[in-house]
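Working notes, beginning with the structure itself.
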Amino acid sequence: MLEIRDLHVTVDGKEILKGLNLSIPAGEVHAVMGPNGSGKSTLSYTLAGREGYDITSGSILYKGEELAALTPDARAAKGFFLALQYPVEIPGVSTMVFLKTALNAQRRARGEDEVDAVKVLRLVREKAKALNITEDMLRRPLNVGFSGGEKKRLEILQMALFEPSLAVLDETDSGLDIDALRLVAEGVNAMRSPARAMLVITHYQRLLDYIVPTRVHVLRAGQIVTSGGPELAKELEKKGYETITGAAA
Amino acid sequence: MTVEALPRVDPKTALFRKDFAANAADLPGAGLGWLDARRGAALEAFALSGMPTRRIEAWKYTDLAVALENDLEPATPFRAEDAAAIADSAVFAGAMQIVLVNGYLHSIGGAGLTDAIDVVDLAQLSVRTPDWVEKHLGARAAGSDQILGAASLALMRGGIAVRVRAGSVDLPPLQISVVNPARGHGVMSHTRVLLVIEDGASLDLIETHAGEGEAKGLANLGMEIVLGENAVLNHTRLQDEAGGTLHVASIGAFLSRDSRYHVLLGNFGGRLSRVDMNVRLAEIGAEAHIRSIAVLDGERHADVTTVMDHASPHTVSRQLFKSVVGGRSRSVSQGRVTVHKGAVRSDSHQMYKALLLGPRAEADAKPELEIYADDVVCGHGTAIGALDDTALFYLRARGIPMEEARAMLVRAFLEEVIDGFAEGDLRDALWRRIDTALASAQGGAA
């Protein structure tokens, strides 16, 4: 599903990713763990195609296609989804209108028929219930006045609505209490499927108690320095990044 | 007074003075003592400062003297070929419509006028002109604080005085359509509108300005608004002049006890526009809300300058300005709030925001506050910037293409101004006009 080869990325002229390799087959959930400044967010923004994240060499193949040439919206239409660490507040755009606009923009780009407002509403309500997202939240301006947990749940709702082939969750656990964490994890686990790949990016092992990954990779100074099974996450938690990667974190 | 005795003047100032010197005897109402006196005082106020340049503090960002052509001729009234331009001026559903052509009263149409409304044609002033016109006409928007307003009174060719009788409520909206048809060369119109809403009366007013042709003319309007006790005026103003026009409007509003004035100033057209608005919260409990939207494409200049006087206790003012500036356009927002001595418990807030769509767009915002009373709540803020990259990325990451995402964010930016003000047809018309201007402004900025 995702094949990253020798990826070098610079931000503001500074190289952050320095030859990153990562391969995620369909049906698997991988975790990338790393200390602050290791390049976790750069990886997620680069995958989503954010401006200012310049690929200087290497490649990102998604379903065999090079991602670098695609705009962020084209990537979304092709089934790529990034749950942001800090979902953006947009006053003046109601959450429901945003969801409908985004869903239909993706469908239009794929040459599919648009879904009418009533059907979108039904679809959203059905997914929202499981995530404990209220009607009131859906009416409010996008993410405005939402708590940290509400914002993250709304990200998961979007993932459920768009049904991506590849989902990247960037520090989705940050700022969540244990109940919210469980709710979010359940939402993610419900999306696991043989046709879908997921990448969970996190600083802490905690989230991985709930979303058990197929593989765990450790990111340090812009490279994957070691990989292993789910037990690697527990080991990291116990011993710290320093011991595992053989350098100060 | 004698114009000739004043010192040498620049050609732009001379343009107005020559017009007056040549035509004073033929101006409507000439010979009426009360009007001659007010006109004379107005011309003197204008002549003392001359055509505004940046040297005048209130015109710091807008040099009218430079923008004005010096060979303009007085505009002429309706001609048969103007019919198309008038037909283009849409009537809002159910509205009573008054059409002015080049500043002259042309027709009364739409739903017609109810008995609650009196209209006087200012081109036909005479000794039989009603007292309420004589009492108010030229009392506001005609002094040294609104220089072009003063010129509009001195050189007035026509216009209307409208009165809504005491206690009249639930009237259909009144639409005043000001149409400036092409004359093949640059013309100047000097128009006055007097609007008196008597005690306890309420009116929704839609004021539209449209024109045709690319000639570099001047449409100069002086507007006086008098609100009686408990009167309510909801005023929407859509300035959509032709591309060459200089649009100058001087609005002076007087608010009596517990009256409410809500206005939305929409500026979209014209080469240069200046809305000069003075609101006097004269009596206890008066309340004024000014909202302003400018969406500027190409190379336009739109200046909204307000003076808000809290002259009595328990008065409230709110000002919310939002400009979207594309191309090489420039938006100017200035507002001075003065809380006068004794106006305790005054409550005032000003917010000016501008969104710049490209590197050549410019916005200036200058709020000012002068407080001479105790126990008041006053605040102001400004924010000028480009579209938020993070928000743009977020929408695009969800599959929304660049142009659609930009439009969504710009509309969201403006929504706050329209929300809670306009509903139904008016709201739809506003958004249609905004969307057209945005499409053009976004295209120009890309």
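Shown for the range A:91-123: residues covered by the partner protein chains by 20 Å² or more of accessible area relative to the chain by itself (probe radius 1.4 Å), namely A:92, A:93, A:98, A:101, A:102, A:105, A:108. For the set B:341, B:322, A:119, A:78, the ranking by accessible area, highest first and with no ligand, DNA or RNA atoms included, is B:341, A:119, A:78, B:322 under a 1.4 Å probe.
Leaving ligands and nucleic acids aside, the A/B contact buries around 1900 square angstrom of accessible area in total at a 1.4 Å probe radius. Cross-link check: pairs A:40/A:151; A:63/A:151; A:151/B:322; A:100/A:129 evaluated at a Cα-Cα cut-off of 24 Å; pairs beyond the cut-off: A:63/A:151; A:151/B:322.
Using the 1.4 Å probe convention, the accessible area of the protein assembly as shown works out to 39 Å² per residue with neighbouring protein chains retained. The alpha carbon radius of gyration of the range B:261-395, expressed as a multiple of 2.2 N^0.38 Å, is 1.15. Dividing the Cα radius of gyration of the protein assembly as shown by its Kirkwood radius returns 1.10 for Rg/Rh. Expressed to the nearest 5 percent, the antiparallel share of DSSP beta bridges inside the range B:3-283 is 15 percent. Nonpolar atom fraction for chain A, defined as the carbon and sulfur part of the 1.4 Å probe accessible area, stands at 49 percent. Measuring spread by the Cα atoms of the range A:2-245 yields a radius of gyration and Dmax of 17.7, 55 Å. Using a 10 angstrom cutoff on alpha carbons, build the Gaussian network for chain A and name the most mobile of A:187, A:37, A:92. For chain A, modelled as a Gaussian network with Cα springs under 10 Å, the answer is A:92. Legend: mean number of C-beta atoms from other chains within 10 angstrom of residue C-beta atoms, peptide B:413-423, equals 1. Surface composition of chain B: carbon and sulfur atoms hold 49% of the protein heavy-atom accessible area at a 1.4 Å probe. Rounded to the nearest 500, the helix-only mean residue ellipticity at 222 nm of chain A stands at -11500 deg cm²/dmol, with each DSSP H run of n ≥ 4 adding -39,500 (n - 2.57). Distant-in-sequence amide contacts of residue B:387, defined by a placed amide H-H separation under 5 Å and a gap of 5 or more residues or a different chain, comprise B:356. For the peptide B:258-266, the mean number of other protein chain Cβ atoms found within 10 angstrom of a residue's Cβ is 0. With all protein chains in place and ligands, DNA and RNA left out, the 1.4 Å accessible area ranks B:351, A:137 as B:351, A:137, largest first. For the range B:3-283, lysine pairs separated by 8 or more sequence positions, or belonging to different chains, with Cα-Cα distances below 27 Å total 5.
Placing a label point 7 Å from the Cα of residue A:129 along the Cα-to-Cβ direction, the residues of the range A:157-189 whose backbone N falls under 20 Å of that point are A:157-163, A:183-189.
For chain A, the membrane-span-like helices by this rule, meaning whole DSSP H stretches whose C-alpha atoms cover at least 15 Å of axis and whose Kyte-Doolittle mean is 0.0 or above, are A:95-109, A:117-130, A:178-190; this says nothing about an actual membrane. Counting only protein heavy atoms and using a 1.4 Å probe, the accessible area of residue B:394 comes to about 0 Å².
Its convex hull of Cα atoms gives the range B:3-283 a direction-averaged projected area, equal to a quarter of the hull surface, of 13.9 nm².
Evaluate the relative contact order of the range A:2-245 (contact order divided by residue number), counting alpha-carbon pairs under 8 angstrom at least 6 apart; express in whole percent. Answer for the range A:2-245 is 29 percent. In a simple Cβ point-charge model (Lys, Arg +1; Asp, Glu -1; nothing else charged), chain B has a dipole of about 800 debye relative to its Cα centre.
Considering only Cα atoms, the convex hull volume of the range B:69-118 works out to 116 Å³ per residue.
For the range B:126-184, compute Rh as the Kirkwood radius over C-alpha pairs and then the Stokes-Einstein diffusion coefficient at 20 °C and 1.002 mPa s; write the answer in µm²/s, rounded to an integer. Calculated translational D: 149 µm²/s.
The values are calculated or read from the model by the stated rules, or taken from the named source; none is laboratory data. The model shown is predicted, which means the values in this text are computed figures rather than measured ones. Note that each Cβ is placed from the backbone with ideal geometry, even for glycine, and that neighbours are counted across all protein chains shown. For accessibility, only protein heavy atoms count, side chains too; no ligands or nucleic acids. Shrake-Rupley method; radii C 1.70, N 1.55, O 1.52, S 1.80 Å.
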